[in-house]
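The values are calculated or read from the model by the stated rules, or taken from the named source; none is laboratory data. Computed from a predicted model, the values in this text were never measured in an experiment. Positions of Cβ are generated from backbone atoms using ideal geometry, with glycine treated the same way; all protein chains shown enter the neighbour counts. Only protein heavy atoms, including side chains, enter the accessible area calculation; ligands, DNA and RNA are left aside. Shrake-Rupley method; radii C 1.70, N 1.55, O 1.52, S 1.80 Å.
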Amino acid sequence: MTLCLMTVHAHPDDEVFLTGGILARYAAEGVRTVLVTCTDGAVGEIVDPTAATPENLAEVREGELRAACAILGVRDLYLLGYRDSGMAGTPENADPRSFNQADLGEATGRLVEIIRRCQPQVLVTYTSDGGYGHPDHIRAHQITVAAFDAAADPNRYPQQGLQPWAPAKLYYGIWTRSSFERLLNGLREAGLPPPWEIAEGETPGAPDEMVTAAIDVSAYVPLKIRAMQAHRTQIPADSPFLRMPPELAQEIYRIETFQLAQSRIETAPHETDLFAGLRV
Ligand SMILES: [Zn+2]
């Protein structure tokens, strides 16, 4: 059986933060890795003005994404091609080309087609709040949850003319509170600022109890960092994510954590391999 991992992300660069390590690790182990990126990232902030302009940002980000995929060993990249919807509450949310305005059934159908063609056993996306409330991340969650069922149902999207495919497991990528705490403390000790402004008393991240799968990607941290560097328009060279001391980077990035959301096979309560139960 050919093992296949599919991750569904909202914008170019999201694939690195939550899943760069698993993409690199499973590719190195011979698993077919597939990345679906839903939007073009056209309204992202440009942190390096020498790298892009607002006019060519989508095009430049596609190039960055392809470079990151090459570094991480992603076998197949699919672009759904929706326009970036911008942060919640911005005018871009109403753009008719945006993912936010897309018909959910149509967008789900496009993901179903990719699932039926690639036949992944494991699907990975975000939690229902998209991790941090961005409309495109929430949409990516919604279509992935819908496609997990629809791809398996012969009565859904029969016009595709493809065999139904039932992925075995659906996971949500999670940044835990404890890993944020370690990051913020480590940056403080290294004399570096936090990656973004954090209100007094606020601890970002999801409760640690949500984690059901912790995957060791320590051997792939250097690749993850190189993939971050490929996203020049989004992650400046002086970003704390890139400037932190190598020992701290190793500690922060060496484990990627997930919550098993749905499974069609029996699973253990705590997993160390997303393909546990699927290897023969
Ligand atoms: Zn994003």
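Taking the Cβ of residue 221 as the center, what net charge do the other residues with Cβ under 12 Å away carry, scoring Lys and Arg +1 and Asp and Glu -1?
Working: positive: 25, 224, 226, 254; negative: 216, 247, 251, 256.
Net local charge, residue 221 excluded: 0.
Can you tell me the mean projection area, over all orientations, of the convex hull of segment 207-280's alpha carbons? Units nm², please.
Details: hull surface 27.2 nm².
Answer in nm², one decimal: 6.8.
Sum up the charges of everything whose Cβ sits under 13 Å from the Cβ of residue 207, counting Lys and Arg as +1 and Asp and Glu as -1, but leave residue 207 out.
Numbers: positive: 177; negative: 129, 181, 208, 209.
Cβ neighbours under 13 Å give a net charge of -3.
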Quiz item: If only Cα atoms are counted, what is the Rg of the chain, and what is its Dmax, in Å?
Solution: 18.2, 58
Exercise. Any chance you could check the Cα centroid distance between segment 199-215 and segment 217-271 for me, in angstrom?
Key: 15
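Where does each of 66-79, 21-34 land if you order them by average Cβ count within 10 Å, highest first?
Highest mean packing first, the order is 21-34, 66-79.
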Practice problem: May I ask you to derive the relative contact order of the chain, considering only C-alpha pairs under 8 Å and at least 6 residues apart, and to give it as an integer percent? | Solution: 23
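Residue separation times 0.36 nm, minus the C-alpha to C-alpha distance between residue 152 and residue 208: what's the value? Intermediate values should be presented prior to the final figure.
Details: separation 56, 0.36 × 56 = 20.16 nm, distance 3.13 nm.
Difference between extended and current length: 17.0 nm.
In nm², what is the average projected area of the convex hull enclosing the Cα atoms of segment 1-81? Intermediate results must be reported in sequence, preceding the final value.
Details: hull surface 20.9 nm².
About 5.2 nm², averaged over all directions.
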Quiz item: Between residue 103 and residue 265, what is the FRET efficiency for a Förster distance of 35 Å, r being their Cβ-Cβ separation, to the nearest 0.05?
Solution: 0.65
Quiz item: Once the other residues with Cβ under 14 Å from the Cβ of residue 158 are scored (Lys, Arg +1; Asp, Glu -1), what is the net sum?
Solution: 0
Quiz prompt | Taking segment 123-280 and dividing mean pair separation by its residue count, relative contact order in percent (alpha carbons under 8 Å, at least six apart) | solution = 27
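Which FRET efficiency value, to the nearest 0.05, is calculated for residue 56 and residue 132 with the Förster distance at 30 angstrom and r the Cβ-Cβ distance?
On the way: r = 27 Å, r/R0 = 0.89.
So the FRET efficiency works out to roughly 0.65.
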Practice problem: Could you rank the peptides 8-14, 96-102, 117-123 by their average count of other C-beta atoms within 10 Å per residue, with the highest value first? | Solution: 8-14, 117-123, 96-102
Exercise. Please list 205-212, 125-132 highest first by mean number of surrounding beta-carbon atoms within 10 Å per residue.
Key: 125-132, 205-212
Quiz item: What's the center-to-center distance, using Cα atoms, between segment 55-97 and segment 113-157 in Å?
Solution: 17
Quiz prompt | Carbon + sulfur, % of accessible area of the chain - ligands and nucleic acids excluded, 1.4 Å | solution = 50
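Please report the antiparallel percentage of the DSSP beta bridges confined to segment 4-258, to the nearest 5.
Numbers: 6 of 26 bridges.
So the antiparallel bridges in segment 4-258 amount to around 25 percent.
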